[in-house]
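> Below is the structure I would like to discuss, written out as structure tokens.
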Amino acid sequence: MSEVREEFKYTEEHEWAIDDDGLIKIGITDHAQESLGEIVFIELPKIGIILDKSSIFGVVESTKSVSDLYSPLAGEVVEVNYSVETEPDIINKSPYDEGWIIKIRVKNIKDLDSLLAPEEYKKLIDG
Amino acid sequence: MKTTPLFEIHKKMGAKFIDFNGWQMPVWFDDLNKEHIKVRQEVGIFDVSHMGEIEISGKDSEIYVDYIFTNSVLNLSLGQARYGFLCNRLGGVIDDVIIYKIDKERFFMCVNAGNTNKVFQWLSDNSTDYDVSVVDLSEFYGQLAIQGPRAIDYMEEFFSTSNVGSIKKYCIAPILGLEEKYKNQLEWGCPHGNNFLIARTGYTGEDGFELFVPNEKIIEIYKSILKHFSSKIQPCGLGARDTLRIEMGFPLYGNELSEEQSPVDSNLERFIDMDKKEFIGKAEIKKNMAERKVSLIGFKMSDKVIARSGYEVFIGERKIGYVTSGTYSPILKKGIGLAMIDSRWSDLNQINIRVRNNYKEAQKVSYPFV
């Protein structure tokens, strides 16, 4: 069973988001990394880029498949986790902790509430 | 969707499944790259029971097979196998197959899962002028591939009474030990009596074997192999099968081969015997050889990116072809693949491949890639 963390919010495209000292930290879910298999390459966005909600901010590639990364919310990319670029399988090993991908600054942190709650996301992946 | 007899065991083993030509098959168990490397270095086992098996027997078998197959057949010795194509009259590929000569009047053909019905129909339609019988044995046989540099040691140990070590590469033999063990135990027997066959063939580029065994006994045989070698033998899915064959530059039907294209387009003329008097499609293939409009090349990506099948190939702004197969190579740790390009450009050393609207540089390299 894939792990779904209680304190995180989720998207239908299998990203997670969490309030990180006023920024939104974003990554992909345990379910996503499991279905992809070992991630071998990742394309990351540049710091400073402005993302629309649901816009593509990067790509993860496993041997067998490729998957776009969608921004859960609109905002500016302010931090990028470059260690997942050199060692992409960190995302497989630790999707919710060391395997975070970007941090964005949003206008209103309350927008997080518009995303899927853990229960809703669990339903989505079990369905 | 169709499943093989090993579906339930694989589910319990935690396999991830994909739909492959209407078959629900394991794509990987735990880690595709680990499975791949295990096959290159030691040994892996694949369930390939979705593959089809067709038998051709009768007085005219040899001349019939010679007529429907692009490669030479008349010079095969007993038990010897040969890879080649079944082509239509326009030189397009009906299927790519391995043909095994079991005896003078009996040939065994291993065909692609998605093509089995089509091939059987086509073989039957083209057999009317010959004294042969064409039988589809795909329901009867399951198939296991045991591949890797140590496959020979493992199989010699496992079939200690069957002398499998003496089977030469690209040859087939009955598994006498199993014939003896399951004597009078089979609900369905194969019409010709060879219920258990072992061939020193494969699709990984490594030494290895393919076992053709009755579906009704395959669970038992598979379990006993896994039990005997425990963690020393790696169960592998179709994911590793695909990355292994791409590293070797082996074609896959549906990617490099189709009914619309000649095998010459994929540079596979070494499996076509133009010295034969006749075979179906020969006249058109001869034209393809003279024209050579397209060519299959191998490429290696310069950046950390993977070009996948269908991606377009460019020289500057000019589109010159497309990727037929592409993957991450677990051995080279790079994106590699095969592309079919306009042959006027086949001498160039560098191409660009459009990956998500970016033009990524790739070097033309010869294959096998490893």
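> Restricting to segment B:264-303, name every residue that is free of Cβ contacts under 8 Å to residues at least 12 places away in the same chain and farther than 17 Å from B:F69 by Cα.
Listed by number, the residues that qualify are B:A290, B:E291.
> Continuing with this model, one more query. When you check B:K34 against the structure, is it away from chain A (no Cβ under 14 Å) and outside any strand (DSSP E or B), yes or no?
no
> Looking only at residues in segment A:57-72 that are charged (D, E, K, R) and in a strand (DSSP E or B), which one is surrounded by the fewest Cβ atoms within 10 Å (Cβ to Cβ)?
The first filter runs over segment A:57-72 and keeps only residues charged (D, E, K, R), leaving A:61, A:64, A:68.
Imposing the further condition that a residue be in a strand (DSSP E or B) reduces the set to A:61, A:68.
Numbers: A:E61: 22, A:D68: 13.
If we take residues in segment A:57-72 being charged (D, E, K, R) and in a strand (DSSP E or B), then A:D68 is surrounded by the fewest Cβ atoms within 10 Å (Cβ to Cβ).
> A further question follows. With the condition kept exactly as written, say whether any residue in segment B:57-64 is within 14 Å of another protein chain (Cβ to nearest Cβ) and assigned to a strand (DSSP E or B).
Within segment B:57-64, none of the residues are within 14 Å of another protein chain (Cβ to nearest Cβ) and assigned to a strand (DSSP E or B).
> Only one of A:E85, A:E61 is within 14 Å of another protein chain (Cβ to nearest Cβ) and in contact with a helix residue (DSSP H, G or I) (Cβ under 9 Å, 6 or more places away or on another chain). Can you tell me which? Working first, answer last.
Values: A:E85 fails: in contact with a helix residue (DSSP H, G or I) (Cβ under 9 Å, 6 or more places away or on another chain).
After ruling out the rest, the residue left standing is A:E61.
> Another one. Small (G, A, S), in a loop (DSSP other than H, G, I, E, B) and either within 12 Å of chain B (Cβ to nearest Cβ) or in contact with a strand residue (DSSP E or B) (Cβ under 9 Å, 6 or more places away or on another chain) (or both): which single residue out of A:S54, A:S35 fits that description?
Unique residue meeting the criteria: A:S54.
> I would also like to ask the following. Test A:E13 against the criterion of being among the charged types (D, E, K, R), touching a residue at least 12 places away in the same chain (Cβ under 8 Å) and within 28 Å of B:T327 (Cβ to Cβ), and give yes or no.
yes
> Determine, yes or no, whether B:D131 is in contact with a Leu (Cβ under 6 Å, 6 or more places away or on another chain), modelled with pLDDT of 95 or more and acidic (D, E).
Numbers: in contact with a Leu (Cβ under 6 Å, 6 or more places away or on another chain): no; modelled with pLDDT of 95 or more: yes; acidic (D, E): yes.
It is false that B:D131 is in contact with a Leu (Cβ under 6 Å, 6 or more places away or on another chain), modelled with pLDDT of 95 or more and acidic (D, E).
> Could we say that B:I54 is in contact with a Gly (Cβ under 9 Å, 6 or more places away or on another chain) and either under 25 Å from B:N255 (Cα atoms) or buried (at least 19 other Cβ atoms within 10 Å of the Cβ) (or both) here?
Spelling it out, it is not the case that B:I54 is in contact with a Gly (Cβ under 9 Å, 6 or more places away or on another chain) and either under 25 Å from B:N255 (Cα atoms) or buried (at least 19 other Cβ atoms within 10 Å of the Cβ) (or both).
> A:S114 passes all but one of (1) under 15 Å from the mean Cα position of the chain (by Cα); (2) more than 14 Å from chain B (Cβ to nearest Cβ); which number fails?
(1) is the only condition that A:S114 fails.
> Next question, about the same structure. Where in segment B:138-257 are there helices (runs of 4 or more DSSP H), lying wholly inside it, with at least 3 residues that are at pLDDT below 95?
Per the criteria, B:176-181.
> Considering only segment B:11-25, state which residues are out of contact with any Phe, Trp or Tyr (no Cβ under 8 Å at 6 or more places or on another chain) and touching a residue at least 60 places away in the same chain (Cβ under 8 Å).
Selection gives B:I18, B:F20, B:N21, B:G22, B:W23.
> Find all pairs meeting these conditions: Cβ atoms under 8 angstrom apart; at least six residues apart or on different chains; first residue within segment B:92-107 and in the same structural domain as B:N71 (by TED's automatic domain parsing) and under 26 Å from B:K286 (Cβ atoms); second residue in a strand (DSSP E or B) and charged (D, E, K, R).
Close Cβ pairs satisfying both conditions: B:I98/B:R82; B:I99/B:R82; B:F107/B:E55; B:F107/B:K101.
> May I pose another question? Find all pairs meeting these conditions: Cβ atoms under 6 angstrom apart; at least six residues apart or on different chains; first residue within segment B:167-190 and among the β-branched types (V, I, T); second residue modelled with pLDDT under 90 and buried (at least 17 other Cβ atoms within 10 Å of the Cβ).
B:I175/B:S162
> Moving on to the next point. Hey, can you tell me all the residues within segment A:88-109 that are within 21 Å of A:G22 (Cβ to Cβ) and within 14 Å of chain B (Cβ to nearest Cβ)?
Selection gives nothing.
> If you scan segment B:296-310, which residues turn out to be within 14 Å of another protein chain (Cβ to nearest Cβ) and of a type in the set (A, V, I, L, M)?
B:M301, B:V305, B:I306, B:A307
> As an exercise: evaluate A:P45 against (1) within 28 Å of B:I336 (Cβ to Cβ); (2) touching a helix residue (DSSP H, G or I) at 6+ places or on another chain (Cβ under 8 Å) and give the number of the one condition it does not meet.
Single failed check for A:P45: (2).
The values are calculated or read from the model by the stated rules, or taken from the named source; none is laboratory data. Please read these numbers as outputs of a predicted model, since none were measured by experiment. Reconstructed Cβ throughout: ideal geometry from the backbone, glycine too, with neighbour counts over all protein chains shown.
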